[in-house]
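As structure tokens, the structure follows; a few thoughts come after it.
The values are calculated or read from the model by the stated rules, or taken from the named source; none is laboratory data. Treat the numbers as computed from the prediction; the structure is a model and nothing was measured. When we count neighbours, we look across all protein chains shown, and the Cβ atoms used for this are built from the backbone with ideal geometry, even at glycine. The protein model used for the area step is the full one, side chains on, heavy atoms only, and it has no ligands, DNA or RNA in it. Shrake-Rupley method; radii C 1.70, N 1.55, O 1.52, S 1.80 Å.
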Amino acid sequence: MSRHLSVGRGARIAVAAVVSAALTAGCSAGGSDGSSGGGGGSDTLTVNTSFVIKNIDPAMEYEATGALTVNALYDTLVTFEGSDVGEPVGELAESFEASDDATTFTFKLHEDATFSDGTPVTAEDVVFSLNRLKNLKGSPSVIVAGMSFEATDESTVVVTSDEPNPNVPTILAMPSTGIVNSKVAKENGATDAEDAAKTDSATQYLDQNPAGSGPYVLESFDPSSQVVLKANPEYWGEAPEFSRVVISNMDVQNQKLTVSKATSATVALDLSGSSLEGLPESLQQSGAQDTYYFLTLHQDPAVDEVTSNLDFVRALRASIDYAGVAKLFGENAQPAAGVVPPAFPGALEEADAQVQDLDAAADFLDDAGLDQPKVSLMYPSITYRGVDLGTIAAKIQGDAKKAGIEIELNPQPIAAFLDAQSGGKVAMRFSPQSLNYPVAASLVNNLAPGQSTAATTGWTPERATPEAIAAGEDVLGTLDPEAQVTALQEWQRVLNEDSPYIPLAYNAGTVVATPDLTGAEYSPAGWQLDVAAVGKK
């Protein structure tokens with residue numbers, strides 16, 4: 001098999017030099033009037049969202065706002081255009097070839113690609129960036145597990161996968177694989193060595209001084225309130241139409257009010273369900289049902305004897321009113337049937353959605369040998385995609401109580417929640433979850449016994465049923481797309497019986513934009529909106 005990428009940003013170099021001269025005119029934060037609502041004739045694009053961000057080091061970013069920002073600051077080997085995540089297109093890579101057995105991928109870099117300081121992007125930079133991502137062992141590192149990277153000359157990178165994996169190009173489109181200027185990064189504490197998780201100290205520097213080759217550079221970064229980007233005057237590709245992008249932390253009600261009143265160049269990222277009602281008809285909307293919300297229950301008895309009891313998991317699963325939970329997310333949501341959202345091949349049918357069965361819950365509690373069990377539920381105290389996660393947690397608490405299960409709610413700030421989640425000692429937690437990359441089989445690499453999310457849940461192969469292990473192996477062992485869809489559906493049915501996961505509902509991500517904009521498309525690739533692709537009519 002030999003596959004070549006379609007033309008990406010490199011083909012648009014010719015206009016870059018001409019346009020970049022017009023990009024240096026500065027604007028005040030927010031719209032042209034200094035607000036977060038845009039303004040007529042502004043060169044500033046305002047993106048309002050409820051912040052979910054910890055840092056903007058590409059090898060460490062894992063949250064929605066972080067992916068949005070990193071995607072604008074750093075180029076990757078390949079990317080996706082608009083809402084189409086079916087086929088990666090070239091970004092830094094001019095072309096690639098895959099071996100017949102889908103284990104070796106050869107990427108040829110654009111010779112004209114440069115970092116924001118004007119130095120060329122080389123194959124050594126690519127290898128350094130990907131090895132650093134792998135060896136930092138942060139949350140996004142899992143996507144390159146089992147891969148190795150080699151520069152065969154200044155413009156050629158060979159990626160080798162331990163196992164056949166036709167999805168390698170898709171993985172290398174994710175923002176966490178953004179290519180860092182290795183010279184600058186090393187001078188400020190970065191390393192790609194195997195002990196990088198203990199010795200790398202560059203994240204704090206990169207949070208204030210990104211070293212990428214993307215269409216934007218950083219003007220300011222405040223993880224609590226605002227990220228400001230300005231066009232990269234040295235950008236090697238097609239310059240973005242907006243010279244400045246202001247990403248503002250804003251609650252849903254104010255996002256709705258602001259985008260409704262804005263006259264131009266304003267986007268809201270967190271309106272969904274009922275919050276979409278009553279918007280002016282002139283506004284544009286783009287979205288996809290790509291996120292699921294789920295409970296995870298720790299399987300190590302040393303962490304929690306109740307949650308590690310599989311019959312307790314089954315009892316809690318049977319106690320939940322899934323239709324009622326989905327209703328809280330609004331009209332674009334639906335009860336979850338499994339962990340694969342409807343936006344991706346492999347999702348179960350809507351008719352397969354689980355239903356509340358309090359009699360079954362009582363039977364499972366008897367099987368578990370538990371009477372009036374009490375557990376704690378940790379969740380991030382945020383509004384995500386227009387929904388206060390506290391309202392969902394309270395609904396779960398109320399449903400469980402009907403089955404005789406007492407749940408103590410434990411909301412945490414997002415940073416504290418992520419730290420606790422990584423620590424792997426949380427008895428029960430609730431959170432939204434998107435795919436690490438837009439291929440449903442990636443969930444197996446994340447959720448199967450012993451994998452990253454499973455590890456933070458204490459779900460080891462020794463604690464899993466043989467059926468759960470075998471169903472995951474069937475998915476990964478099947479490269480034919482149609483057969484893999486069937487395997488994914490069977491895997492989810494097994495998870496619904498034997499796993500520590502309880503998927504609750506699916507919800508859609510939506511981009512709402514003022515009518516003067518072009519290219520304001522929601523992407524299920526993880527970055528939600530490619531701000532460099534947004535233009536003016």
field: Rounded tilt (10° steps) of 481-498 against the dominant C-alpha axis of the chain
entry: 40 degrees
- request: Only Lys, Arg, Asp and Glu count, each charged at its Cβ (+1, +1, -1, -1), so figure out the dipole size of the chain about its Cα centre, rounded to 20 debye.
  value: 1500 debye
message: With bins 5 Å wide starting at 0, give me the P(r) of region 431-533 over every alpha carbon pair, in whole percents.
response: 2, 11, 18, 20, 16, 12, 8, 6, 4, 2, 1, 0
message: From the protein chains alone at 1.4 Å, what is the descending order of accessible area for ILE143, ILE414, largest first?
response: ILE414, ILE143
- request: Quick one: grab the alpha carbon gyration tensor of region 379-507, order the square roots of its eigenvalues as a ≥ b ≥ c, and give me rounded if a/c is under 1.5, else prolate or oblate depending on whether a/b is larger than b/c.
  value: prolate
query: How much net charge surrounds GLN354 when only the other residues with a Cβ under 13 Å from the Cβ of GLN354 are counted, with Lys and Arg +1 and Asp and Glu -1?
result: -4
- line: Tilt, helix 123-136 to longest principal axis of the chain (alpha-carbon atoms), in degrees rounded to tens, equals 30 degrees
message: Give me the 1.4 Å probe accessible area per residue for region 35-176, excluding ligands and nucleic acids, in Å².
response: 31 Å²
query: If you compute Cα extents along the principal axes in Å for the structure shown, which of (1) 63, 63, 49; (2) 73, 53, 42; (3) 89, 57, 51 do you land on?
result: (2)
- request: Can you work out the accessible area per residue across region 350-469, with the rest of the protein chains kept in place, probe 1.4 Å, in square angstrom?
  value: 43 Å²
task: Search the structure for amide H atoms under 5 Å from the amide H of LEU45, placed 1.01 Å from N in the peptide plane, and list their residues when 5 or more places away or on another chain.
output: ARG244, VAL245, VAL246
field: ³J(HN,Hα), Karplus 6.51/-1.76/1.60, whole Hz, each residue of region 505-513, x for Gly, Pro
entry: 7, 9, 9, 9, x, 9, 9, 10, 9
query: Going by alpha carbons, how many degrees (0 to 90, nearest 10) lie between the helix axis of 414-423 and the longest principal axis of the chain?
result: 70 degrees
- request: Provide the solvent-accessible area of ASP195, counting protein heavy atoms only and rolling a 1.4 Å probe, rounded to the nearest 10 Å².
  value: 80 Å²
message: Below 15 angstrom from the Cβ of ASP200, what's the summed charge of the other residues (Lys, Arg +1; Asp, Glu -1)?
response: -2
Built amide H within the under 5 Å cut-off of ASN232, gap 5+: TYR216, VAL217
statement: Cβ-Cβ cut-off under 11 Å around THR456, Lys and Arg +1, Asp and Glu -1: the net charge is +1
query: Where does each of ASP207, ASP101 land when they are ordered by accessible area, with a 1.4 Å probe and the largest first?
result: ASP101, ASP207
query: How much of the accessible area of region 434-506, probe 1.4 Å, is carbon plus sulfur, in whole percent?
result: 51 percent
message: Highest mean first, how do 516-522, 180-186, 278-284 rank when packing is the count of other Cβ atoms within 10 Å averaged over residues?
response: 180-186, 516-522, 278-284
- prompt: If ligands, DNA and RNA are left out, what is the accessible area of THR478 with a 1.4 Å probe, given in Å² to the nearest 10?
  reply: 30 Å²
- request: Return the carbon/sulfur percentage of the accessible area of region 158-197, one whole number, probe 1.4 Å, all protein chains in place.
  value: 43 percent
